[in-house]
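A short worksheet on the structure shown next.
The values are calculated or read from the model by the stated rules, or taken from the named source; none is laboratory data. Source: prediction; values computed, not measured. Positions of Cβ are backbone-derived with ideal geometry, glycine not excepted, and every protein chain shown enters the neighbour counts.
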């Protein structure tokens, strides 16, 4: 996995699919179902292992809803989460 | 980095020659990209008298200038060509993800002439451009062909595909070019041009980013608009629209509205929000333009209530870069007895072309026809207009039951309508005669010029009644692509607020609806400003539904300056719009078009007037209005040919000299 991968802010994301379109490796998919009566589809990083962390999606986002997060932190959070659930 | 790439690709299908060409900066400054770059290129490359279905016709796929930059609702691509329907200028645009893909391959446009011996598809990425055999996908519908070819060409980046369905292969004049699983650049007959070249598809898989001058400033504008759209919600249900239509249809005065209303409607319902509102207000043409809501009344139009469609909408989707998101996928397994699983949410145009226009009240058949036409790649507006024409021919004994192979082509006979659409797609029996639209069919049946052969310049008009909004009738009749409902209307203009930015654009103010039916300078100037701004929008890759948000919300001029670094004033940009529109007109003149021949059918102008409904007794003096528009544009008032003075003023000296 790359050292940084995109993280999406769904509070400001407009579901415009620019990020999914411009990803040179098609790592982003519009698959996250939004809440509320309007059933929009929002982006997710579908192929995290393929992502190279190139930041093209972040730079292309017209409303700055993407930040590049360190995978060290992401992985640390992931591994910590199950222990929280079991407590 | 100015938002555009600066290069175009030429492909000759007869010789197999593929070459790229650099486009000078001046061309973009004069014509932007999109439709402007398209008409600039085709005007030079298509010789006068070229057969629209012959090797000399050139088919272009062009991306908007703002596509690929951090602007929003600017992701539309445009197909450009000489139209087989009118013999003049042809263009058609579509959303989805195809527009940015052109730029990601390193081009602003791809232009194709010649005719291939065998079916081929064009594959382009940021490294190569190649023609590949397409025998294995020839004969497939547009959706199946797209899926197959995507699988075949998928390496790292998912390819994006523009493809023709079987209607394009069969050179139906009313066929379009399909992308993203059934969206169609439908109008003007681009599918027939592509089919005549034996070009099944254009497949794009480039990964080049598009640069622009000031991305930060562009994002500031995008964030501002996106926040407004996010907050704009309409707290009503779709059932209220029929009542709203009654109120709107009865209004004696009109006034400028805030275009954000459109985003409220679009993001929740999409264009189907106009289904019942259009019928009751008088916007929707009923019974081949000879009826009204009195004929297509509550027991009929209640079946088109947008909430009925929302119940089967499984998800929404946005075109590339869109902050509104009017698209949707609807489940139609039940409606079609399992023949199809889902379809793109039908547009209002389809709903009305196969609803009120043919007096059909069966929603299931409209959903079924929607998917049939999407897959075949046939224009739903033209197909609906042609079916309505056929029904009236049947009523008048011009098409007999025997000719229709036993079909009883009565108004609202939904099963017969479905069967006829299938025959048109397959070009079987009477369907073969109808597959090229009303103009060709009426000529073959010997009824050209009859009141029920409803067209503008041979093109079936959009589903918006010119007797309710005379300005749309002007645009139907004067645009180089006649019958086009997306160029302009009085309602659109009132939402643009163009006068707040452009010095010469008239302020609508509060006005009497009755004044719209009287030819006058102010109305003419409004339609001129409208068409110039629409061409700018199409040059930038903008969407109509963003355009009508108005210049203070969808800030096209500011985005263009931030993207290109030009710092032009709105007035200077409007000159670009005027230049594009004038060259579109000159393309037709070069190819022998008489602009007066594009005048919409008498029935569309209320001659004779309707006897009932919201448009009762209304007539539009369309000929006089065309003259007023041409005069206000600086074109010859009588002939519609751009004057030498106007051409010189717009810096089109070479064209002025050629046409002396």
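Matching residues to (1) crowded, with 24+ Cβ neighbours inside 10 Å; (2) touching a strand residue (DSSP E or B) at 6+ places or on another chain (Cβ under 7 Å); (3) closer than 22 Å to residue B:372 by Cα:
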site	(1), (2), (3)
B:275	yes, no, yes
B:299	no, no, no
B:307	no, no, no
B:344	no, yes, yes
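Which of the residues that make up the stretch B:536-555 are closer than 17 Å to residue B:38 by Cα, touching a residue at least 40 places away in the same chain (Cβ under 8 Å) and in a helix (DSSP H, G or I)?
Once the filter is applied, which keeps residues that are closer than 17 Å to residue B:38 by Cα, touching a residue at least 40 places away in the same chain (Cβ under 8 Å) and in a helix (DSSP H, G or I), the stretch B:536-555 yields B:536, B:538, B:539, B:540.
So, in the stretch B:612-631, how many residues would count as being assigned to a helix (DSSP H, G or I), closer than 15 Å to residue B:602 by Cα and under 25 Å from the mean Cα position of the chain (by Cα)?
Adding up the residues that qualify gives 4.
Can residue B:353 be described as at pLDDT 95 or above, touching a helix residue (DSSP H, G or I) at 6+ places or on another chain (Cβ under 7 Å) and surrounded by fewer than 22 Cβ atoms within 10 Å (Cβ to Cβ)?
Answer is no for this residue.
Give all pairs with beta carbons closer than 7 Å in which a residue from the stretch B:225-251 that is closer than 12 Å to residue B:282 by Cβ and within 14 Å of chain A (Cβ to nearest Cβ) meets a residue that is in a helix (DSSP H, G or I) and at pLDDT below 95; count only pairs at least 6 apart in sequence or on separate chains.
As it stands, the answer is none, since no pair meets every condition given.
Would you be able to say whether some residue in the stretch B:269-281 is within 12 Å of chain A (Cβ to nearest Cβ) and either modelled with pLDDT of 95 or more or closer than 27 Å to residue B:460 by Cβ (or both)?
Within the stretch B:269-281 (the criterion being within 12 Å of chain A (Cβ to nearest Cβ) and either modelled with pLDDT of 95 or more or closer than 27 Å to residue B:460 by Cβ (or both)), the answer is yes, since at least one residue qualifies.
Do we have any residue at all in the stretch B:639-656 that's closer than 30 Å to residue B:248 by Cβ and part of a helix (DSSP H, G or I)?
no
List the number of the failed condition for residue A:66; all other conditions in (1) farther than 25 Å from residue B:329 by Cα; (2) within 11 Å of chain B (Cβ to nearest Cβ); (3) modelled with pLDDT of 95 or more hold.
(2)
Would you check which residues across the stretch B:158-187 are within 14 Å of chain A (Cβ to nearest Cβ) and surrounded by fewer than 21 Cβ atoms within 10 Å (Cβ to Cβ) and list them?
Selection gives B:158, B:181.
Just give me the residues in the stretch B:443-461 being farther than 24 Å from residue B:474 by Cβ and touching a helix residue (DSSP H, G or I) at 6+ places or on another chain (Cβ under 8 Å), in sequence order.
If the condition is that a residue be farther than 24 Å from residue B:474 by Cβ and touching a helix residue (DSSP H, G or I) at 6+ places or on another chain (Cβ under 8 Å), then B:444, B:445, B:447 are the ones that fit.
State yes or no: is residue B:560 touching a residue at least 60 places away in the same chain (Cβ under 8 Å), more than 18 Å from residue B:475 (Cβ to Cβ) and either in contact with a strand residue (DSSP E or B) (Cβ under 9 Å, 6 or more places away or on another chain) or not in a loop (DSSP other than H, G, I, E, B) (or both)?
So residue B:560 fits the description; yes.
Give me the residue from the stretch B:318-336 that is assigned to a loop (DSSP other than H, G, I, E, B) and more than 7 Å from chain A (Cβ to nearest Cβ) and, out of that set, surrounded by the fewest Cβ atoms within 10 Å (Cβ to Cβ).
Top of the filtered list is B:334.
Of everything in the stretch A:27-44, what is surrounded by 20 or more Cβ atoms within 10 Å (Cβ to Cβ) and over 30 Å from residue B:236 (Cβ atoms)? Give them in sequence order.
Selection gives A:27, A:28, A:43.
Would you check if residue B:139 is closer than 17 Å to residue B:42 by Cα and either within 14 Å of chain A (Cβ to nearest Cβ) or assigned to a loop (DSSP other than H, G, I, E, B) (or both)?
No; evaluated as a whole, the condition is false for this residue.
Checking residue B:206 against (1) surrounded by fewer than 24 Cβ atoms within 10 Å (Cβ to Cβ); (2) part of a helix (DSSP H, G or I): exactly one of these is not met. Which one?
Here residue B:206 clears every test but (2).
Identify all residues within the stretch B:131-157 that are out of contact with any strand residue (DSSP E or B) (no Cβ under 8 Å at 6 or more places or on another chain), on the phi < 0 side of the Ramachandran plot and surrounded by fewer than 18 Cβ atoms within 10 Å (Cβ to Cβ); write none if there are none.
B:135, B:136, B:144, B:147, B:148, B:151, B:152, B:154, B:155, B:156 - these are the residues of the stretch B:131-157 that are out of contact with any strand residue (DSSP E or B) (no Cβ under 8 Å at 6 or more places or on another chain), on the phi < 0 side of the Ramachandran plot and surrounded by fewer than 18 Cβ atoms within 10 Å (Cβ to Cβ).
Could you tell me which residue of the stretch A:5-26 is farthest from the other protein chains (Cβ to nearest Cβ), considering only residues that are touching a helix residue (DSSP H, G or I) at 6+ places or on another chain (Cβ under 6 Å) and in contact (Cβ under 8 Å) with a residue 40 or more places away in the chain?
A:5
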